[in-house]
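Asker: Take this structure, written in C-alpha cells, and hold onto it; I'll ask about it next.
The values are calculated or read from the model by the stated rules, or taken from the named source; none is laboratory data. The shown structure was predicted, so the numbers you read here are calculated from the model rather than taken from an experiment. Cβ atoms come from the backbone with ideal geometry, glycine included; neighbour counts cover every protein chain shown. Quick note on the areas: whole protein, heavy atoms, side chains included, nothing else; ligands and nucleic acids left out. Shrake-Rupley method; radii C 1.70, N 1.55, O 1.52, S 1.80 Å.
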Amino acid sequence: MESTEVEIVWNGPKWRAELLLSAISPDDPESFSSKIIDSDGSSELKIKVISKNLKSIRSTIDDILVCLSAASLSLDVIEKK
C-alpha cells in the first residue's frame, strides 16, 4: 500500500526551534519524526509525518501546526516583556 509523506520546515534560531519542538513532542511523539539542523548561524526544524491514510495525515499535520502556532505566539509574547 502507498503512503503519503509531509514535511514541515521551520527556520530560525536554535533555541526557538528547540522550544517549538518541545511544545509538540508530548502531543503524540509516535506520529512524526523530527530533527533540528544547524546551518550558518540559523537552524532548521524539520518535522516529518508519514501515513497510509490521507485523513490521518491531515489530522496530524493540523494538530502539529496548531501547537506550533500557539507555542510561537506564546514565545513572541514572552520576548516582548
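Asker: May I ask for the angle, rounded to the nearest 10°, between helix 14-24 and the longest principal axis of the chain, with both axes built from Cα atoms and the value confined to 0 to 90°?
Answerer: Roughly 50 degrees between the two axes.
Asker: Next up: Percentage of Cα-Cα pair distances in the chain greater than 22 Å, rounded to whole percent?
Answerer: Working: 892 of 3240 pairs.
Within the chain, distances greater than 22 Å cover 28 percent of Cα pairs.
Asker: I'd like the GluC sites (Glu not before Pro) in the chain restricted to DSSP loop residues with at most 12 other Cβ atoms within 10 Å, sorted by number. Working shown, then result.
Answerer: Details: sites: GLU2, GLU5, GLU7, GLU18, GLU30, GLU44, GLU79; in loops: GLU2.
Counting only loop positions with at most 12 other Cβ atoms within 10 Å, the GluC sites (Glu not before Pro) in the chain are GLU2.
Asker: Still on this structure, please answer the following. With +1 assigned to the C-beta of every Lys and Arg and -1 to the C-beta of every Asp and Glu, and no other charges, what is the dipole magnitude of the chain about the Cα centre in debye, to the nearest 20? List each step's numbers first, then the result.
Answerer: Details: 10 positive and 14 negative charges, 25 e Å.
Using only the charged Cβ atoms, the result is roughly 120 debye.
Asker: Over the chain, what percent of the accessible surface lies on carbon and sulfur atoms, probe 1.4 Å? Show your work: numbers first, answer last.
Answerer: On the way: 2910 of 5560 Å².
Reported share for carbon and sulfur atoms: 52 percent.
Asker: Within the chain, how many Lys pairs that are eight or more residues apart, or on different chains, come under 20 Å at the alpha-carbon? Mind showing how you got there, number by number?
Answerer: Values: LYS14/LYS35; LYS14/LYS46; LYS14/LYS48; LYS14/LYS80; LYS35/LYS46; LYS35/LYS48.
Going through the chain pair by pair, I get 6.
Asker: How much accessible area per residue does the chain have, in Å², with a 1.4 Å probe?
Answerer: For the chain, the per-residue accessible area is 69 Å².
Asker: How about segment 1-74: which trypsin sites (Lys or Arg not before Pro) there lie in a loop by DSSP and see at most 12 other Cβ atoms within 10 Å?
Answerer: Loop-located and lightly packed - LYS52.
Asker: Give me a comma-separated list of calculated 3J(HN,Hα) values for segment 37-53, in order, Karplus coefficients 6.51, -1.76, 1.60 applied at θ = phi - 60°, integers in Hz, x for any Gly or Pro.
Answerer: Per-residue couplings from phi come out as 10, 8, 7, 6, x, 10, 9, 10, 9, 10, 10, 10, 10, 10, 8, 8, 10 Hz.
Asker: Sticking with this one: What's the extension gain from LYS48 to LEU73 if we count 0.36 nm per residue and subtract their Cα-Cα distance? Kindly include the intermediate steps, with their values, before the conclusion.
Answerer: Numbers: separation 25, 0.36 × 25 = 9.00 nm, distance 2.21 nm.
Value of the extension gain: 6.8 nm.
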